[in-house]
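Novice: Mind having a look at this structure? Questions to follow.
Where a number appears in this text, it was derived from the coordinates with a stated rule and is not lab data. This is a predicted model, so every value here is computed, not measured. Cβ placement follows ideal geometry from the backbone for every residue including glycine, while neighbour counts extend to all protein chains displayed.
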Amino acid sequence: MTERYRKWGRVVRLERDSLISADEAGEAIEDGELFTARPLGENVDLQLPVGDVEAFASEVRACVPESVELERLIVSAGVADHEFGSVRWRERTARAHVALVNRSRRLRVTLDLGAESCAGIALRDVRVVGEGLARVSTHAAAPPLMVIAPYAASAMLPMLVNVEGITLIQSAGGRDGKGARIEERVISDAPFPNWFRPSYRVRPVRLPFHLRADATAAAADWPVPRVIAITGVRGHCDFDVLCDDGERVFETVIAIDRVRAVGPPAGWYPHGAGVFGSELLL
Amino acid sequence: MDHTFNIVTRDGVWRAGIAIEKRLSSGRARQSGRSIAASDACDAKLDETCGAAFDVLAPLAESVPDGRVRAVAAVRRVSSSNGEEEWTSAAMTVTIGGISIVTTPEHFSDDVTWLRGVAPPASAAPVDYRGWPIVWNRGSASVLLHEAIGHAAEEDAQRLAWPSWLRVRDEPLFRIDDAGNVARAANLLDEPPASYRRATFRDVPIRRMTRVIVDHAGAPASLPERHIEVNLAGGGHYDPLSEVVMLTVTNAHRVNGSRRESLPPFVIRESRERIRASLGAAAGPPVRYPGVVCSTDGQKLVVDCLAPRMVTSELG
């Protein structure tokens, strides 16, 4: 069976102080084992506010403490029309990739943030991580109880599929790379039900969309040390992290083999095909 | 510098000689100041040249029944006040038995024949390279120094006191780089690459290596009797923050006198400073390494690499 997907897109991206606007339209055809992709040679007639990207980048720069280096900042906003068979849909996306560095302690934290527009991207995570990197002062053992902040939890979540105390759920919303509506369902191991297509140039792959951990607590205000950022991945569920105990920020290592409680979703992040971050109590 | 960059790229993937992916990509980027207006417009002349280059690669890819081949042909034209230049590149990544090389049509036959003979041993016992001198054969030292010197130079890392006999230069073969500047060679021991490159019309041009030539002048030439011999690396990474180089070695032997043992793939992870301190000897002229596909900020580019046989003393 031949499957044909088409995309018309316009994106504006700020990267290395250059502002790039790119228009493109292309199609991908899957015919049995063979995947082909080519430009359509059509004009793209989509509107996009260019100023949003530059203004948002300025806001990011403004909330990074002086002692912390903004190593990378890439901000983009785009709009795209998709067509698969007889289904046609439109998506608006905004993304920010931020790499913050504490050079003296040789620590780097990367944040990938996303929403439908730059205005929808919360800067809270950049502020928290920036301030944490500025304050980090020592190494310490992992506390017996701690809560992982939603941003850090969102980056860990796809790795926690078989960890005790956590149930992963695909959240409903939008369409996948083959035009199918994304529906809510419990996620265990692959194969996943929906197709992710980040570009028309790449063969779609099965991934869970808008992944979240099933909440087990109505509110999450646990008064314990807080893991605010991941600085390295050591193994499947082992991470180098920054932890804030209220008095100091320290580097530590955590190994997640059990989650005691999960708070409600507190933000969407563009890891894979999307992940909601929640507070996780370890 | 204000310039216009046009590119057409064709790439394909073959598995066991059967095409499973084919792509055509075309586009134009017009840069004025810090603004770049990009679209997927197709230049008919570049498309024709690219098609001819790709037609050379396709039958070679089909001739590999026992592996996977990715072939890429790209033709770009850059116009600026420095003039105009077209540049064609063609490369193939061939994977057989889990080991990959990057090759070109002129080296394809020799490289694939060699690759078929280097399947790693079945043993998965971890290799501890520490405590063993390493002899870097077949130009593989260029990959180590591409990471430790080239990428460090791209990131404006602090200069180190490399051995006085060492030479590491980036020598692009094109006249005008991807940002419209006149290209020139750069001494990577003292400066970053002088040329800007970009992978696609959607990308920002950034300073990148093009053709890294490692050489020596009057280096010690002693070869240790007991050593690890490295022939091929599967991938490398340099972290500018920790200044640590990570290199996955995919073909190597442990040599101890007359005893020669094939090693499974292993990872070398060392600081730039430790690599500098370990460089002990070099012999012969630079020889071509079968290619490096190098990624920075998601832009994957082929970087040609050459190096003489080199020796590092015990790392770690």
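Novice: Assign one of three labels to region B:90-206, namely rounded, prolate or oblate, based on the Cα gyration tensor with a ≥ b ≥ c the square roots of its eigenvalues; rounded applies when a/c is under 1.5, prolate when it is not and a/b is larger than b/c, and oblate otherwise.
Specialist: It comes out oblate by the Cα gyration axes.
Novice: For the modelled label position 7 Å from the Cα of A:Arg248 along Cα-to-Cβ, which residues of region A:87-131 have backbone nitrogen atoms closer than 16 Å?
Specialist: Taking a point 7 Å out along Cα→Cβ of A:Arg248, the residues of region A:87-131 whose backbone N falls under 16 Å are A:105.
Novice: Across the residues of B:31-42, average count of Cβ atoms on other protein chains within 10 Å? Don't skip to the answer; put the middle values down first.
Specialist: Working: counts 2, 0, 2, 6, 5, 7, 5, 7, 9, 12, 4, 3.
Per residue, the average neighbour count from other chains is 5.
Novice: Using modelled amide H (1.01 Å from N, peptide plane; none on Pro or chain starts), what sits under 5 Å from the amide H of A:Glu71, excluding residues fewer than 5 places away?
Specialist: Amide H neighbours of A:Glu71, under 5 Å, 5+ apart: A:Ala99, A:Leu100, A:Val101.
Novice: Let me ask something else. When you look at the Cβ of every residue in A:28-36, what mean number of other chain Cβ atoms sits within 10 Å?
Specialist: Values: counts 1, 1, 1, 0, 1, 5, 7, 6, 7.
Across the residues of A:28-36, the mean count of other-chain Cβ atoms within 10 Å is 3.
Novice: Moving on. Convert each backbone phi in region A:227-238 into a coupling constant with the Karplus relation 6.51 cos²θ - 1.76 cosθ + 1.60 (shift: θ = phi - 60°), then list the ³J(HN,Hα) values in order as whole Hz, x for Gly and Pro.
Specialist: 7, 9, 6, 9, 10, x, 10, 8, x, 3, 10, 10
Novice: I've got another one for you. Can you pull the mean other chain C-beta count within 10 Å for peptide A:11-19?
Specialist: Details: counts 2, 0, 5, 2, 6, 5, 2, 9, 6.
Rounded to a whole number, the mean comes out at 4.
Novice: Grab the other residues whose beta carbon is less than 15 angstrom from that of B:Leu57, score K and R as +1, D and E as -1, and report the net. Working shown, then result.
Specialist: Values: positive: B:Arg10, B:Lys22, B:Arg23, B:Arg68, B:Arg70; negative: B:Asp11, B:Glu21, B:Asp55, B:Glu62, B:Glu106, B:Asp111.
Net local charge, B:Leu57 excluded: -1.
Novice: First obtain the Kirkwood hydrodynamic radius of chain A from its Cα pairs, then insert it into the Stokes-Einstein equation at 20 °C and 1.002 mPa s, and state the resulting D in µm² per second as a whole number. It would help to have the intermediate numbers written out before the result.
Specialist: On the way: Rh = 20.2 Å.
Using the Kirkwood radius from Cα pairs, D works out to 106 µm²/s.
Novice: Using only alpha-carbon positions, what ratio does the radius of gyration of region B:164-255 give when scaled by 2.2 N^0.38 Å?
Specialist: Details: Rg = 16.9 Å, N = 92, 2.2 N^0.38 = 12.3 Å.
Output field value: 1.38.
Novice: Distance in nm between label sites at B:Ala185 and B:Ser295, each 7 Å beyond Cα in the beta-carbon direction?
Specialist: Modelled inter-label distance: 3.2 nm.
Novice: Say the cut-off is 20 Å between C-alpha atoms; which of A:Lys178/B:Lys300; A:Lys7/A:Lys178; B:Lys22/B:Lys300 go over it? Mind dumping the intermediate values first?
Specialist: On the way: A:Lys178/B:Lys300 27 Å; A:Lys7/A:Lys178 12 Å; B:Lys22/B:Lys300 18 Å.
Cα-Cα > 20 Å for A:Lys178/B:Lys300; rest within.
Novice: With the crude spin-label approximation of a point 7 Å out along Cα→Cβ, what separation in nm comes out for A:Ala141 versus A:Arg124?
Specialist: 3.3 nm
Novice: Compute the Cα gyration tensor for region A:145-282, then decide on rounded, prolate or oblate, letting a ≥ b ≥ c be the square roots of its eigenvalues: rounded whenever a/c is under 1.5, prolate when a/b is larger than b/c in the other cases, and oblate in all that remain.
Specialist: Numbers: a/c = 2.22, a/b = 1.80, b/c = 1.23.
Since a/c reaches 1.5 and a/b is larger than b/c, the shape of region A:145-282 is classed as prolate.
Novice: Moving to a separate point now. For chain A, find the longest principal axis of its Cα atoms and tell me its angle to the long axis of helix A:124-135, 0 to 90°, nearest 10.
Specialist: 40 degrees
Novice: In the neighborhood of A:Ile121, defined by Cβ-to-Cβ distances under 12 Å, what is the net charge if each Lys or Arg adds +1 and each Asp or Glu adds -1?
Specialist: Numbers: positive: A:Arg95, A:Arg124; negative: A:Asp52, A:Glu59, A:Asp112, A:Glu116, A:Asp125.
My count for the surroundings of A:Ile121 gives -3.
Novice: If you take every residue apart from A:Pro265 with its C-beta less than 14 Å away from the C-beta of A:Pro265, what net charge results, scoring Lys and Arg +1 and Asp and Glu -1?
Specialist: On the way: positive: A:Arg212; negative: A:Glu184, A:Asp214, A:Glu279.
Summing Lys/Arg as +1 and Asp/Glu as -1 gives -2.
Novice: Quick one: if the Förster radius is 30 Å, what FRET efficiency do B:Ala283 and A:Ser67 give, using the C-beta to C-beta distance and rounding to 0.05?
Specialist: Values: r = 48 Å, r/R0 = 1.59.
The computed FRET efficiency comes out at 0.05.
Novice: At what distance in nm do the modelled label points of A:Arg90 and B:Glu106 sit from each other, each positioned 7 Å from its Cα along Cα→Cβ?
Specialist: Taking the two extended label points, one gets 5.3 nm.
Novice: Stretched out fully, how many nm does the piece from B:Ser63 to B:Ala44 gain, at 0.36 nm a residue minus the Cα gap?
Specialist: Numbers: separation 19, 0.36 × 19 = 6.84 nm, distance 2.94 nm.
In short, 3.9 nm is gained.
Novice: Would chain B count as rounded, prolate or oblate if I go by the C-alpha gyration tensor, calling it rounded below 1.5 in a/c and otherwise prolate when a/b exceeds b/c, oblate otherwise? Mind dumping the intermediate values first?
Specialist: Values: a/c = 2.27, a/b = 1.36, b/c = 1.67.
Oblate, since a/c reaches 1.5 and b/c is not below a/b.
Novice: Using a Förster distance of 22 angstrom, determine the FRET efficiency expected from the C-beta separation of B:Ser313 and B:Ala157, and round it to 0.05.
Specialist: Working: r = 22 Å, r/R0 = 1.01.
The calculated FRET efficiency here is 0.50.
Novice: Consider all pairwise Cα distances in the protein assembly as shown and report the whole-number % of them above 42 Å. Don't jump to the answer; show the numbers that get you there.
Specialist: On the way: 48565 of 178503 pairs.
Of all Cα-Cα distances in the protein assembly as shown, 27 percent exceed 42 Å.
Novice: Find how many whole Å separate the alpha carbon centroid of region B:1-63 from the alpha carbon centroid of region A:179-227.
Specialist: 34 Å
Novice: Continuing with the same structure: Compute the FRET efficiency between B:Arg175 and A:Ala219 as 1/(1 + (r/R0)^6), taking r as their Cβ-Cβ distance and R0 = 45 Å, and round to the nearest 0.05. List each step's numbers first, then the result.
Specialist: Numbers: r = 65 Å, r/R0 = 1.44.
E(calc), rounded to 0.05, equals 0.10.
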